[in-house]
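Remarks on the structure that follows.
The values are calculated or read from the model by the stated rules, or taken from the named source; none is laboratory data. Predicted model only: the values in this text are computed from it and were never measured. Glycine gets a Cβ as well: all are built from the backbone with ideal geometry, and neighbour counts include every protein chain shown. Side chains included, ligands, DNA and RNA excluded: accessible areas come from the protein's heavy atoms. Shrake-Rupley method; radii C 1.70, N 1.55, O 1.52, S 1.80 Å.
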Amino acid sequence: RAKDDGRNLIRFFSAAMQAVVAARAELELKLRAALAGNGFRLYYQPQLDRSGRVIGAEALIRCFDADGTMISPAAFIPLAEETGLIVPIGEWVLETACAQLRAWQREPATAGLTLSINVSARQFHQPDFVGKVAAAIERSRIRAGGLKIELTESVVLGDIETTVLRMRQIKALGVRFALDDFGTGYSSLSYLKRLPFDQLKIDQVFVRDMEKDTSSEAIVRAILAISRSLDLEVVAEGVETAAQHELLLTRGCELFQGYLFGRPVPIEDWKLERPPS
Ligand code: C2E
Ligand code: MG
Ligand code: MG
Ligand code: MG
């Protein structure tokens, strides 16, 4: 009865495929609805220096559907990239972050804070991306030195010359760059040397396993050494425990971000002062 089995298998697979296609279509509709109807929010996660002072934040997007359910970026950014919706979504992020940075820069207590935004490779390589950044800076009247753009290594999978040129054009506006999720991608150290990054972010997988896994600890130490020799600032992502923080401090890490210091929160809940830990 091999023939029947085969037919059943095909039926099973096509039903599963249909479910996948339907779920993607539904998510795409939700993203379009969120774009049209104020469904996106930026959450802000603090970044601290070695003395424990909050020096800035990373803006992380959240999507809320019609009944208020939150959709995490891990669930929708890949689809947004495939469909091209990342372009209008990314523009909204840029505009919203610049407005928030402007509000901080107007108040003496928060004037020195930096704000990092995540930019997808597809958004970065849009022909008018440099113009969009320049326009957002001008409209919001921010000091551009407070704005940081986080890219992942996937940004250079295309042409490195184009990437370097574009980064230089944006840096000429005063904006700085961070290389996100460092250590998880494919780019070589020679790439890293050619790309004008200001900051490296140690991926949270290494921070998480640092204490129990000697190879992660060695990777963290190597990243700290690389960043020193290339004169890059370094941020540890995903710091959750005091022990991780201690170890990173001992190893010379400069900046810290993670649940230990604060989760990403909507701006209404943002506080400059951290409770003593
Ligand atoms: P990412 O840029 O590497 O952001 C760090 C992620 O780690 C965030 O997840 C953050 O909430 C989470 N995180 C921070 N501290 C801790 C910690 O101590 N423990 C753990 N387990 N996680 C921690 P989130 O907000 O879900 O964002 C996931 C990814 O989605 C981001 O990774 C980024 O790649 C992407 N993303 C977020 N916002 C945007 C955006 O506005 N535009 C684009 N293109 N991508 C975005
Ligand atoms: Mg990031
Ligand atoms: Mg990261
Ligand atoms: Mg990430």
Under the condition of being within 18 Å of the chain's Cα centre (by Cα) and among the basic types (Lys, Arg), which residue from segment 172-205 is nearest to ligand 3 (Cβ to nearest atom)? Lys201
What tally of residues in segment 71-85 results from selecting those that are part of a helix (DSSP H, G or I), touching a residue at least 40 places away in the same chain (Cβ under 8 Å) and over 13 Å from the mean Cα position of the chain (by Cα)? 6
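Criterion first (open to solvent by less than 60 Å² (accessible area, probe 1.4 Å), within 16 Å of ligand 3 (Cβ to nearest atom), in a helix (DSSP H, G or I) and without any contact (Cβ under 8 Å) to a residue 60 or more places away in the chain) does Val93 satisfy it?
On the way: open to solvent by less than 60 Å² (accessible area, probe 1.4 Å): yes; within 16 Å of ligand 3 (Cβ to nearest atom): yes; in a helix (DSSP H, G or I): yes; without any contact (Cβ under 8 Å) to a residue 60 or more places away in the chain: yes.
In short, yes.
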Might you check whether a residue that is buried (at least 19 other Cβ atoms within 10 Å of the Cβ), of a type in the set (Val, Ile, Thr) and at pLDDT below 95 occurs anywhere in segment 139-153? yes
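Only one of Gly56, Gly68 is away from ligand 1 (no atom under 13 Å from the Cβ) and part of a strand (DSSP E or B); which? Before you say what the answer is, go through the steps one by one.
Working: Gly68 fails: part of a strand (DSSP E or B).
Checking each option against the conditions leaves just Gly56.
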Take the residues in segment 167-205 that are of a type in the set (Lys, Arg) and within 16 Å of ligand 1 (Cβ to nearest atom), then tell me which one is most open to solvent (accessible area, probe 1.4 Å). Arg176
Matching residues, segment 227-253, being open to solvent by 60 Å² or more (accessible area, probe 1.4 Å) and within 16 Å of ligand 3 (Cβ to nearest atom): Glu240
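Criterion first (in contact with an Asp or Glu (Cβ under 6 Å, 6 or more places away or on another chain) and within 16 Å of ligand 3 (Cβ to nearest atom)) does Ser116 satisfy it? Give the derivation first.
Details: in contact with an Asp or Glu (Cβ under 6 Å, 6 or more places away or on another chain): yes; within 16 Å of ligand 3 (Cβ to nearest atom): yes.
Judged against the criteria, Ser116 is a match.
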